[in-house]
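Coordinate-derived values only; no laboratory data. What you see is a predicted model, and the numbers here were worked out from it, not measured in a lab. Don't worry about glycine lacking a Cβ; one is built from the backbone with ideal geometry, like all the others, and counts go over all protein chains shown.
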């Protein structure tokens, strides 16, 4: 397989963290839908993701993509117990804000706003950073996500104590860790494969 590097003009990139929907431009050519085999479709898990340049690019390794997508969906959608969806998204948004993935921060901050109805608090996280003023529960989640994003040993018993003090049980704490750890990896992958862009109006 020969990878083709993309060289083309594209729309300007975002200059600040935002909750607005962004586009994403890969630096390698994604697979076209017509070139996807049954194995590729299985790896995508969700067929609609074939229209995403990011997932169409990751489909070049469909087995890894399948494991990645199932993990992603379980962390964020399996909310029968543990942390509410809004706070899982908050942990991912804090991680993306920390490591500079503007695209992922936009996605997860938008979901955090949708599920929490706390758009001003989410926007303050984007505008002022992860040490912005938040209530104690959100601050504990953000602080734990930021520590884990920096390096796993930075997540200390003090972070766990703060989460427990705000009513998080073992499953909820695991959800904070899973959301932050997964997107710390996923952000770095996305940052190495392309760049965000601001879609043209209309």
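Quick one: if you take sqrt(5λ) for each eigenvalue of the C-alpha gyration tensor of the chain, what semi-axes come out, biggest first, whole angstrom?
For the chain, the ellipsoid semi-axes come out as 31, 20, 14 Å.
So how far apart, in nm, are the two label points at residue 135 and residue 16 if each is 7 Å from Cα heading toward Cβ?
2.6
Relative to the longest principal Cα axis of the chain, at what angle does helix 62-77 sit, 0 to 90 degrees, rounded to 10?
So the helix axis and the longest Cα principal axis differ by about 30 degrees.
For the chain, what does the relative contact order come out to in percent, with C-alpha contacts under 8 Å and a separation of six or more?
Normalised by residue count, the contact order of the chain is 30 percent.
Cα gyration tensor of segment 84-193, axes a ≥ b ≥ c as square roots of the eigenvalues: rounded (a/c below 1.5), prolate (a/b > b/c) or oblate?
oblate
Report, in degrees rounded to the nearest 10, the 0 to 90 angle that the Cα long axis of helix 85-99 makes with the longest principal axis of the chain.
70
As I understand it, the value is the acute angle between the Cα axis of helix 119-128 and the longest principal axis of the Cα atoms of the chain; what does it come to in degrees, rounded to 10?
It works out to around 80 degrees.
Compute a Gaussian network model of the chain, connecting alpha carbons closer than 10 Å, and tell me which residue from 110, 188, 88 fluctuates the most.
188
Find the centroid of the Cα atoms in segment 153-202 and in segment 27-57, then give the distance between the two in whole Å.
Distance between centres, Cα-based: 25 Å.
Can you tell me how much longer the chain between residue 174 and residue 42 gets when fully stretched, taken as 0.36 nm per residue apart minus their C-alpha distance, in nm with one decimal?
My answer for the length gained is 44.7 nm.
Counting pairs of alpha carbon atoms under 8 Å apart in space and at least six apart in sequence, what relative contact order in percent does segment 83-190 give?
Normalised by residue count, the contact order of segment 83-190 is 36 percent.
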